[in-house]
Every structure is written in structure tokens, then in C-alpha cells.
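Working notes, beginning with the structure itself.
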Amino acid sequence: MGWTVIPLLLLIIWQVSAIRLGKPWLFPTVTRVLVQLLHPLRDHYASGSLLSNTMISIFRVVIGFVAASLAGIILGILMGSVRWLRSLLEPMVEIIRPLSPIAWLPFAIAVFKLNTLSHLFGLGYSRTILDQVQLGMLFVIFVGGFFPILINTIDGVAGVRQNYILLGRSLGANPAQIFIHVYLPAALPMILTGLKHALARCWMVIIAAEMMAGIDSGIGYLLVYAADNAAMDLVIAIMVIIGTIGALLSYFIRRVMRPFIRWHGKEV
Amino acid sequence: MIMRITPNKTVASDRIALSFNDVGKGYTSDIGTRVAALENINLQIDYGQFVTLVGATGCGKTTLLNLAAGIDTSDSGAISLAEDICPKRDVAYVFQHYTLLPWLNVEHNVAFGLKMRGISRKQRINASAELLGQVGLKGYEKAWPHELSGGMRQRASIAQALAINPKLLLMDEPFGALDSSTRRDLQTMLGNLHRDRKMTILFVTHSIDEAVILGDRVIVFSEQPGRILEDQKISLPRPRMPSDAAFTRQFLHIYGLLAETHP
């Protein structure tokens with residue numbers, strides 16, 4: 001348990017200095033932050049609780065991430081295996097890719113207005129979580145996740161050892177079987193690496209996107225709203241939540257991936 | 001005992017499995033010059049024959065195997081397989097490196113060819129277990145390729161190739177990276193498998209020793225361009241002993257041929 005020494009020390013320094021400073025609207029005590037964290041269902045400014053806003057953010061990320069994964073993997077496999085398609089699209093990808101996903105948000109909100117998934121499914125105002133998933137927001141998360149997945153999938157597929165393809169062919173695999181039983185498993189470690197980076201990026205992007213004007217839900221929104229109201233204990237509680245969820249997402253995706261890539265780096 | 005055959009003359013046989021007629025193949029090197037990899041290759045291989053190709057590294061032996069496998073195409077001449085050998089179903093290839101799919105365990109590697117043919121899981125796993133027994137890997141069904149030694153990996157890849165019951169087996173220096181005693185064990189095993197299964201084998205090696213131990217015939221290759229220097233029938237009794245006087249004579253003869261072209 002040696003690793004707990006430094007965090008505990010920092011918490012003690014924090015607590016003592018916050019008490020001495022005596023300005024909780026600027027620098028709250030550890031205990032005030034803990035109280036917030038222990039009441040995840042308390043409603044803040046009629047904008048929902050820590051839990052409900054966190055769930056909204058996670059929901060947005062999951063949908064955007066799944067869409068980015070599907071598109072990124074499919075296009076990545078095509079670009080990694082069809083040379084002319086790659087030379088046709090790669091320059092464009094390289095120009096668009098460095099653009100921050102957040103920079104897309106004003107454009108995306110202008111295009112999609114405040115339409116939500118609920119509108120997309122023709123439900124109008126459905127009084128479900130779907131009302132909180134704005135298409136513009138999804139677009140930005142999609143952009144954030146799409147490129148890491150695309151780039152890694154292309155590299156994974158293009159880097160499949162020619163030998164494995166020849167081996168598969170000599171054992172009688174037809175082109176479709178080569179694709180499913182050789183290209184996919186051989187490229188899987190790279191694809192999964194792309195997914196891991198993309199998920200982390202999506203989680204960063206959503207927080208930033210929710211902090212923009214015009215959004216009225218999500219954990220990033222609550223963060224800005226709390227800061228505007230000088231509720232620094234809530235601000236820090238939200239920061240703790242964002243960090244923890246980021247760490248958990250990364251942990252879970254690594255756990256899920258592990259059995260698929262156990263062989264990676266041990267090719268003989 | 002030594003039968004010399006002049007190039008461009010066919011081997012008399014009524015049952016030819018694979019034949020190369022006037023095959024030529026070149027490639028363009030990095031600096032843009034045209035290099036002939038193979039020139040005037042005429043070679044007929046009989047059913048059930050174990051033919052070894054020996055020559056210096058880079059003399060076009062692998063190119064010849066790739067042409068036979070249909071991985072590569074020739075610039076001139078014709079390569080023909082006997083009618084009952086389907087290039088997609090009846091030809092298997094064993095490589096020197098990356099011979100097993102690293103994401104499958106040994107059992108599933110061996111069963112891979114059968115899976116591609118739509119054989120049921122139960123049947124192919126049974127077939128895989130039987131083959132692994134034949135190559136001395138009983139008990140390693142669940143092992144991963146990276147957990148095996150070099151010799152065991154080549155045993156597994158031979159089982160993988162045999163699973164599709166090939167009529168023609170192409171082998172590209174399969175034992176090239178093994179230590180000498182492992183190599184000897186695998187040569188013996190391969191010799192026995194050939195005797196029992198009666199398949200045609202085309203085996204590339206740079207070791208004269210290995211070529212004479214295994215082959216019914218040894219094809220000696222010159223380098224750049226790859227040409228057949230000699231087609232030698234080996235009728236020494238098996239198992240062959242490199243310490244044997246007759247063996248040594250044939251070894252030295254081939255050694256002399258290769259030394260002449262590559263001083």
C-alpha cells in the first residue's frame with residue numbers, strides 16, 4: 001500500500017491549507033468535496049444531479065464511439081487493403097485529422113441545430129435520455145473517435161505479414177475467408193489499440209463539447225455551471241468523477257481486449 | 001549410380017505430377033537493372049517422388065516453388081500440374097518462418113485448412129489430434145505457437161500442411177533455422193511420412209547434406225541466373241547415413257559442382 005502515502009499526504013496538505021485560507025468558494029476543503037461526491041442524486045440548479053449528468057455524458061460517448069468504431073474499422077479495412085482507395089483518400093484524411101474535434105462543434109450545431117437522436121428516430125420530444133443526445137454533439141464525438149480508429153486499422157491491415165496470407169491461401173482459403181480468418185485477426189491488435197485511444201479521446205472531447213455555450217446537460221455542462229456559481233466544491237467533485245470515469249473506461253477496454261491480443265508481439 | 005541429364009531433356013516417365021517447360025523468370029532490381037532469376041528451367045517431377053532443390057541462397061529456388069504454388073507467375077515457358085492435382089486444393093506449402101498463425105493454438109492451426117473446407121468442428125479437431133500424434137506433438141494441442149521450440153513449430157506446420165491431404169507438398173528450407181540434431185529428427189520424420197503417404201514433395205534447401213539425405217532426386221541449381229546444373233538420382237538405401245562412403249561421394253560431387261559456379 002506504499003503508493004497511498006503521497007496521495008494521503010497531499011490530501012492532508014489540501015485540507016489544512018483550505019481550512020486556514022477560509023474561502024470555500026475559491027478553495028474548498030476535502031470534506032466539502034467528499035460531501036458532494038457522497039450525494040450523487042442531489043439536484044443542482046434544476047439541471048439534474050451528478051449521477052444523471054454523468055450518465056448523459058457516458059451515453060453520448062458510447063453512441064458516438066460505437067458509430068466511430070463501425071465507420072473507422074470498415075473504412076480502415078478497405079483503405080488498408082485496397083491500394084488505390086488509400087492513395088485516393090489518405091491525403092484528405094491527413095488534412096482533416098489534425099483539426100481539433102472541438103473546432104467542429106460550432107459548425108455541427110449550426111448544421112444539426114438542437115436536433116437529438118429522439119428527433120432522428122421520429123419520436124419528437126420523447127422524455128427519455130435520447131432527448132439529451134444532440135446530433136451535433138454526436139458528430140463531434142464521432143470525429144474525435146473516428147481518426148485514431150481509422151489510422152490504426154489501416155496500419156494494422158496494411159501491415160499483415162504477407163506470409164500469413166500466403167499460408168492461408170495455400171491451405172485453401174478463398175478471398176472472403178482470407179479476409180475473415182487472416183486479415184481481421186492479424187490486424188486486431190492494432191484495431192484494438194485504435195479503439196482504446198479513441199475511447200479516451202471521446203471522453204475528453206465530450207467534456208470540452210459540453211462546456212460550450214448552448215448545451216444544457218452533461219457533466220461538462222454542470223462543471224461550467226457550478227464554476228459560474230462559485231460552487232468550487234462541486235467543480236472539484238466533478239473533476240474527480242471525470243478523471244475516475246476516464247480511468248475506468250481505459251481499464252475496462254484493456255480488460256476486454258486482453259484475451260484477443262495475447263499472442264501479439266510473440267510472432268514466430 | 002549417378003545419372004547425368006543434360007538440360008532441356010525430359011525425364012522419361014508416364015506419370016508426371018508437375019512439369020516446368022522452358023520456364024524463365026526475371027525481376028527488376030532496386031537500381032533498375034533487369035536480373036534473371038530463372039532461365040531455361042526444364043523439370044519433370046513424377047508422382048510420389050521426393051525431389052530436393054539445392055543451391056546457394058538467392059539462386060531462384062524459392063521463385064521456382066512460388067511458381068509451382070501459383071503465388072508467382074513466370075515470364076516465359078509453362079508450368080503444368082497433372083490434371084488430378086487441383087492447385088487450390090491439393091498443393092500445400094511449408095515455409096521457413098511464420099509458418100503458423102500466431103492467433104490460433106496448435107490444434108486450430110492444424111485444423112485451419114479443414115475449416116476452410118467447411119469440415120465440421122468435431123471432425124477437424126479429431127483429424128488435428130491424429131496428425132499431431134503422427135508428427136510427435138501429442139499433448140501439445142492447446143499450446144500456442146510462441147510456446148513451442150523451433151523444431152516443434154515445424155512439426156506443427158507439417159501437420160498443418162498434411163491436414164488438407166496434399167498431393168503435392170512444397171517446402172522452402174523448412175529446417176533451415178534448426179539446430180543439427182533437431183534437423184536430423186525432422187528429416188527422419190519427413191522421410192517416414194513421405195514413405196507412408198506417397199505424396200510428391202518438392203523441397204528447397206541450401207544444405208547439400210539434407211538434399212542427399214531426403215531426395216529421390218537432387219536438382220543442383222546455379223545462381224544468377226538460376227539454372228539446373230545437374231539432375232541427380234539418389235538410389236542409396238534409406239535411412240541414409242552421411243558417414244557412408246557412397247553418400248560422401250555424392251555429397252562431394254554436388255559440392256564440386258556448386259564450388260565451380262561459385263568459387
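Taking only the alpha-carbon positions of the protein assembly as shown and ignoring solvent, what does the Debye formula give for the base-10 log of I(q)/I(0) at q = 0.06 Å⁻¹? With one equal scatterer per Cα and no solvent, log10 I(q)/I(0) is -0.48. Rounded to the nearest 500, the helix-only mean residue ellipticity at 222 nm of chain B stands at -10500 deg cm²/dmol, with each DSSP H run of n ≥ 4 adding -39,500 (n - 2.57). Two numbers describe the Cα atoms of the stretch A:1-137: Rg and Dmax, which are 22.7, 67 Å. Centroid-to-centroid, using Cα positions, the stretch B:95-163 and the stretch A:248-268 are 24 Å apart. For chain B, the carbon plus sulfur part of the accessible surface works out to 51%, probe radius 1.4 Å.
Set the bar at 32 Å for Cα to Cα. Now go through B:Lys167/B:Lys233; B:Lys25/B:Lys88; B:Lys61/B:Lys142; B:Lys138/B:Lys167 and name every pair that lies beyond it.
Numbers: B:Lys167/B:Lys233 21 Å; B:Lys25/B:Lys88 22 Å; B:Lys61/B:Lys142 35 Å; B:Lys138/B:Lys167 25 Å.
Check vs 32 Å cut-off fails for B:Lys61/B:Lys142.
The convex hull drawn around the Cα atoms of the stretch A:193-261, when projected onto a plane and averaged over every direction, covers 4.9 nm².
How high is the FRET efficiency between A:Phe107 and B:Gln224 when r is their beta carbon distance and R₀ equals 45 Å, given to the nearest 0.05? E between A:Phe107 and B:Gln224, to the nearest 0.05, is 0.15.
How much space per residue, in cubic angstrom, does the convex hull of the C-alpha atoms of the stretch A:124-182 take up? Could the numbers behind the result be given before it?
Working: hull volume 7.2 nm³, N = 59.
Taking the convex hull of the Cα positions in the stretch A:124-182, it is 122 Å³ per residue.
In terms of overall dimensions, the C-alpha atoms belonging to chain B reach 52, 43, 42 Å along their principal axes, ordered largest to smallest.
Percent of accessible area on the stretch A:48-260 owned by carbon and sulfur, 1.4 Å probe?
71 percent
With K and R counted +1 and D and E -1, the other residues having a Cβ less than 14 Å from that of A:Ala230 yield a net charge of 0. Less than 12 Å Cβ to Cβ from A:Lys196, Lys/Arg counted +1 and Asp/Glu -1: what total charge do the surrounding residues give? In short, +4.
Among the residues of A:171-179, the average count of other protein chain beta-carbon atoms within 10 Å of the residue beta-carbon is 5.
For the pair A and B, the buried accessible area comes to roughly 2100 Å² in total, with a 1.4 Å probe and the value rounded to the nearest 100.
What percent does the relative contact order of the stretch B:101-165 come to when contacts are Cα pairs within less than 8 Å and at least six residues apart? Intermediate results must be reported in sequence, preceding the final value.
On the way: 78 pairs, mean separation 31.3, N = 65.
Relative CO of the stretch B:101-165 lands at 48 percent.
Given chain B, what percent of its DSSP beta bridges are antiparallel, to the nearest 5? Expressed as a percentage, antiparallel bridges in chain B total about 50. Note: chain A, Cα convex hull, 172 Å³ per residue. In the stretch B:146-164, comparing the full protein assembly with the chain on its own, the residues that lose 30 Å² or more of accessible surface at a 1.4 Å probe are B:His146, B:Arg153, B:Gln160. Over all other residues within a Cβ to Cβ distance under 14 Å of B:Pro225, the charged ones net out to 0, with Lys and Arg as +1 and Asp and Glu as -1. Counting only DSSP beta bridges with both residues in the protein assembly as shown, the antiparallel share comes to about 50 percent. Relative to its residue count, the stretch A:1-70 spans a Cα convex hull of 150 Å³ per residue. Both radii were evaluated on the Cα set of the stretch B:101-165; the Rg over Rh quotient, with Rh as the Kirkwood radius, amounts to 0.92.
Averaged over all directions, how much area does the convex hull of the C-alpha atoms of the stretch A:33-95 cover when projected, in nm²? All intermediate terms of the calculation are to be shown ahead of the outcome.
Values: hull surface 27.7 nm².
Taking a quarter of the hull surface, the average projection is 6.9 nm².
Calculated mean residue ellipticity at 222 nm for chain A: -22500 deg cm²/dmol, from DSSP H runs with n ≥ 4 weighted as -39500 (n - 2.57), summed, divided by the residue count and rounded to 500.
Rounded, prolate or oblate for the stretch B:116-231? Axes are the square roots of the Cα gyration tensor eigenvalues, ordered a ≥ b ≥ c, and the cut-off for rounded is a/c under 1.5.
Working: a/c = 2.24, a/b = 1.69, b/c = 1.32.
Cα axes put the stretch B:116-231 in the prolate bin.
Here the Kirkwood formula, the inverse mean of 1/r across different C-alpha pairs, assigns the stretch A:154-268 a hydrodynamic radius of 17.3 Å. Based on Cα contacts under 8 Å between residues 6+ apart, the stretch A:48-260 shows a relative contact order of 27 percent. Based on alpha-carbon centroids, what's the gap between the stretch A:55-110 and the stretch A:219-247 in Å, whole number please? Their Cα centres are 28 Å away from one another. In loop segments of the stretch B:73-131 as defined by DSSP, the GluC sites (Glu not before Pro) with at most 10 further C-beta atoms inside 10 Å of their C-beta are B:Glu83.
The values are calculated or read from the model by the stated rules, or taken from the named source; none is laboratory data. As the structure is a prediction and not an experimental result, all values here were calculated from the model. FYI the Cβ positions are ideal-geometry reconstructions off the backbone, even for glycines, and counts take in every protein chain you see. Each accessible area value is taken on the protein alone, full model and side chains, heavy atoms only, with ligands, DNA and RNA left out. Shrake-Rupley method; radii C 1.70, N 1.55, O 1.52, S 1.80 Å.
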